[in-house]
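Asker: My structure is below; once you've seen it, I'll send some questions.
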Amino acid sequence: MFEALSGKLSDVFERLKRKAALTEEDVNEAMRAVRVALLEADVALPVVKDFIAKVKERAIGQEVIRSVTPAQMVVKIVHDHLVETLGSQGVEIDLAATPPVVILMLGLQGSGKTTSSAKLGLRLTKLYKKKVLLASLDIYRPAAQEQLAILGRQAEIATLPIVAGEKPQAIAARALDAGRREGFDVVILDTAGRLHIDQALMDEIAQVRDIAKPTETLLVADAMTGQDAVTLAQAFHGQIGITGLILTRVDGDARGGAALSMRAVTGRPIKFLGQGEKLDALEPFHPDRIAGRILGMGDVVGLVEKAAQIIEKDEAEKLAAKVMKGKFDLDDLAGQLRQMKKMGDLDGILGMLPGMGKIKDKLASAKIDDRQISRQEAIILSMTPKERRNPDLIKASRKQRIARGSGTSVQDVNRLLKQHQQMAGMMKQMGKLGQKGLMRHGLGALFGKNPHP
Amino acid sequence: MSGWLSRLKAGLAKSSSRLAQGVGDLLVKRKLDAETLDGIEELLIGADLGVATAAALAGELGKARFDKEVEDRAVRAFLAQAIAARIAPVARPMPIDRALKPQVVLVVGVNGTGKTTTIGKLAWLYKSQGLAVTLAAGDTFRAAAVEQLQRWGERAGCPVIARQAGADAAGLAFDALDQARKEGADLLLIDTAGRLHNKADLMAELQKVVRVLKKQDPALPHEILLVLDATTGQNALKQVETFRAMVPVTGLVLTKLDGTAKGGVLVALAESFALPVYAIGVGEGADDLQPFDAQAFADNLLGL
């Protein structure tokens, strides 16, 4: 984790506290720590070496800004260079070609091609109002074509009718033909998973490429991929030629070093990140987020955006209005709890926050989890509307009733009331901070500690 | 063989570009000095063994042969031996007990590792050994996962118990157990939906499947196979750790070893968790499931 990296770096620089500039020796020592951090994040070795050589060049002789420790300075240089290497953000699909624009999806088995195809189709339909046709060329994995057909139905996107026994090349030709005749803007060709060393299947996809002449050829790869990322990206790019990458399962807890490896060896942009099993869980690539993950810094932007997406706007506005007036009752707390549950499991949220590594462990030992949130919600729901608006009413006998009603104890009720009091106090102070601040402090207050060290 | 040495040399040459040109010449003599050991450590890291395991192995090598002139092949054989010794204890096949009627095997893992395909292969394998095998299409989430398993069932000639998409996986497991018992099946293989181990709700759902089975018989499921993808890097450690914390995993299957990924993370897994590796997947065909052979795996890691 980031703490680990900056911790190691702090040790390295312990004795150099008063230095004004980074010497080669300092940097060399620091780079050893960076190297291990990157390797542990699954960045491929040749990429790590190259990366470190470049960072070194940049770091040596750098003046250490006052009020910043040398360790922080090095981390900043590493982070900036990482973001730079990962490339610019949000490179969209090239839709400028004459329709139908063909997108060819390829990758190893189980990397998430079919799901990504459907997600991409949905994105182009919703965001760009494109008429999309999905076609599965996977005649090998049992029921793969049916899988895409089902996803197409779910996303309300047309899929090419399945013809049993047809070869991938023929399916591609038929898809193109249908795309032209039926006026589709985009044709997405989902292909069978294949190993980059399976020459027969690589030849097949080359033929498909020649038939379909895709505008975009996207390599779909799993964020959990290890050192082999370099080999496979090189092989797919070298033999077929890719225009971009989709990184899937970014919602897992892999550090995602494969992103850097593949970007570095292909020079092609990472276009999208697969963030979940739902069909709308495809997001544009943000290099700073992945950089943070690789270094273990957490994904703050991701959290804020996710929160903004999920929290209904009017509910947030209502809450904001109340906070302005310095009012935050138990209904509002219940509302916040519900929003938190919607944001997915707590681990996921905490994983996105910087500096949460240690706190996460503490939380685990304190057994704070989603079920606790449900329990807190149950406590509030066991109160009368009057009590929720005016918690001061809740005295001993009411507490007992609420505890019984929610299947908890009076202590639990007390704890919740105290939390609410703390939050309400905080809310009063931060009327001016606006929504983002509210969200962050809201989460922090619920855990009884500030997640930002 | 020369490929490895040239790669090693190339790697070392790059990292020592600032040194005098004579360094390259020194390396040709294959002296096992600190720098060469570093190169060997890197080779191991490149096979996904992880920094710690790679360092430990390079250390062992250093202690044994430091500063002696050695042949490239001998060095690799030494390392393969050291690795095989580490993983030999986990190379154990899945025990089969025909008296259980049925032996219940739950197959779990993250998305896309090859659970359904592995079940298809297992069905084929045990069917050919004369066992009555029943399959349960417990992945009720992913589109067409049920159909996929049904095809495998047809191929292997095994009944497949399924419900419509979106059905409760635990309920299906219960029904499947009931039916397998009635039919006198020897083996019941239950598929599950792929789930990322850091998703608490999905892991709770998996725990529910196990709970429902345990209610029928506390010994159930007899086996929980965790399927891992050989392409996966260090995250495999977290996968095993989390899945094992949630449900009593009894063994591992490592898939997709027919590619260029060597699955080196398995060495660290063997040391950390000591879970048996029941089988490896080496292709998409029904018979592309092999017993895990420690020496062969280690040789492959070192390119022997």
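The values are calculated or read from the model by the stated rules, or taken from the named source; none is laboratory data. Nothing here was measured: the structure is a model prediction, and the numbers come from that model. As a convention, Cβ positions derive from the backbone with ideal geometry for all residues, glycine included, and neighbour counts pool all protein chains shown. Ligands, DNA and RNA are excluded from the accessible area calculation, which covers all protein heavy atoms including side chains. Shrake-Rupley method; radii C 1.70, N 1.55, O 1.52, S 1.80 Å.
Asker: At a probe radius of 1.4 Å, figure out the B/A buried accessible area, summed over both chains, and give it in Å² to the nearest 100.
Answerer: Values: alone 13930 and 21700 Å², together 31980 Å².
The buried area between B and A, both sides summed, comes to about 3600 Å².
Asker: From zero up to wherever the largest Cα-Cα distance of the range B:202-304 sits, split into 5 Å bins and tell me the percent of pairs in each.
Answerer: Once binned at 5 Å, the Cα pair distances of the range B:202-304 give 2, 12, 21, 22, 17, 13, 8, 3, 1, 0.
Asker: Could you check the simple spin-label distance between B:LYS63 and B:GLU183, using points 7 Å along Cα→Cβ, in nm with one decimal?
Answerer: For the pair B:LYS63/B:GLU183, the computed spacing is 5.4 nm.
Asker: Going by average Cβ neighbours within 10 Å, how do the peptides A:252-265, B:44-57 rank, with the highest at the top?
Answerer: A:252-265, B:44-57
Asker: Then there's this: Could you run the Debye sum over the Cα atoms of the range B:177-260, one equal point scatterer each and no solvent, and tell me log10 of I(q)/I(0) at q = 0.16, 0.17, 0.23 Å⁻¹, two decimals?
Answerer: So the normalised log intensities are -0.71, -0.78, -1.20.
Asker: Quick one: ranking B:ARG86, B:ARG98, A:ARG371 by accessible area, 1.4 Å probe, largest first, what do you get?
Answerer: A:ARG371, B:ARG98, B:ARG86
Asker: While we're looking at this one, here's another question. Grab the beta carbon distance between B:SER128 and B:LEU237, set R0 = 30 Å, and tell me the FRET efficiency rounded to 0.05.
Answerer: Efficiency computed from Cβ-Cβ geometry: 0.30.
Asker: A:TYR140 accessible area, nearest 10 Å², 1.4 Å probe?
Answerer: We get 90 Å² for A:TYR140.
Asker: Where the accessible area of the range B:103-292 is counted over protein heavy atoms with a 1.4 Å probe, how much of it, in %, is carbon and sulfur?
Answerer: Of all accessible area on the range B:103-292, carbon and sulfur atoms account for 51 percent.
Asker: Along each principal axis of its Cα atoms, how long is the range A:175-293 end to end? Whole angstroms, biggest number first, please.
Answerer: 46, 33, 22
Asker: Counting only other chains, and only Cβ atoms inside 10 Å, what mean value do you get across the residues of A:252-258?
Answerer: Rounded to a whole number, the mean comes out at 6.
Asker: Please report Rg (one decimal) and Dmax (integer) in Å for the Cα set of chain B.
Answerer: Values for chain B (Cα only, Rg and Dmax): 22.4, 77 Å.
Asker: Reported to two decimal places, what Rg/Rh ratio describes the range B:63-131 when computed on Cα atoms with Rh from the Kirkwood expression? Mind showing how you got there, number by number?
Answerer: On the way: Rg = 20.1 Å, Rh = 16.3 Å.
Result for the range B:63-131 is an Rg/Rh of 1.23.
Asker: Hey, another quick one. Once you keep just the Cα pairs under 8 angstrom separated by 6 or more residues, what percentage relative contact order results for chain B?
Answerer: Details: 535 pairs, mean separation 71.7, N = 304.
24 percent.
Asker: Among the residues of the range A:208-232, which ones have their accessible area go down by 50 Å² or more when all the protein chains sit together, as opposed to their chain alone (1.4 Å probe)?
Answerer: For the range A:208-232, once contacts with the other chains are taken into account, A:MET224, A:GLN227, A:ASP228 lose 50 Å² or more.
Asker: Considering the zone a paramagnetic label at A:ALA53 would reach in this model (a point 7 Å from Cα along the Cα-to-Cβ line), which residues of the range A:218-243 have amide N under 17 Å from it?
Answerer: It comes to no residues whatsoever.
Asker: Need one number: nm distance between label points at A:ARG371 and A:ALA206, each 7 Å from Cα along Cα→Cβ, rounded to one decimal.
Answerer: 5.6
Asker: Cα-Cα over 20 Å: which of B:LYS115/B:LYS182; B:LYS199/B:LYS238; A:LYS54/B:LYS238?
Answerer: Numbers: B:LYS115/B:LYS182 26 Å; B:LYS199/B:LYS238 13 Å; A:LYS54/B:LYS238 31 Å.
Beyond 20 Å: B:LYS115/B:LYS182; A:LYS54/B:LYS238.
Asker: Looking only at other chains, what is the average number of their beta-carbon atoms within 10 angstrom of each beta-carbon in B:140-149?
Answerer: Per-residue shielding by partner chains comes out at 5.
Asker: Peptide A:33-43: average number of partner chain Cβ atoms within 10 Å per residue?
Answerer: So the per-residue partner count for this stretch is 3.
Asker: Hey, what's the Kirkwood Rh for the range A:105-261 if you take every pair of different alpha carbons, in angstrom?
Answerer: The Cα-based Kirkwood calculation yields 15.8 Å.
Asker: Run the numbers on the range A:72-230 and let me know its relative contact order in percent, using alpha-carbon pairs under 8 Å that are six or more apart.
Answerer: 37 percent.
Asker: Run the simple label-point estimate for B:ILE96 and A:THR23 please: 7 Å along Cα→C-beta, distance reported in nm.
Answerer: 6.8
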